[in-house]
């Protein structure tokens, strides 16, 4: 368990940055009056996918022996 902290750090940072990322990106919720999605819905989806890929890559690179 001594080396566990090194591998947990990127995941912890990723969890901490997620609320900030969600605040910065356009909303995913539909408009209550018109039931239409935000025009930048695709930007949010691409941003979240890129974020997940970057975090997964960093964790995978750290775990390479």
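Tabulated data for the structure shown
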read-out	value
Some residue of segment 18-34 being at pLDDT 80 or above, on the phi < 0 side of the Ramachandran plot, assigned to a helix (DSSP H, G or I) and surrounded by 12 or more Cβ atoms within 10 Å (Cβ to Cβ)	yes
Candidate set: segment 35-45, residues that are outside any loop (DSSP other than H, G, I, E, B) and surrounded by 12 or more Cβ atoms within 10 Å (Cβ to Cβ); chosen: the one farthest from the chain's Cα centre (by Cα)	41
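The values are calculated or read from the model by the stated rules, or taken from the named source; none is laboratory data. Predicted model only: the values in this text are computed from it and were never measured. Neighbour counts run over all protein chains shown; Cβ positions are idealised from the backbone, glycine included.
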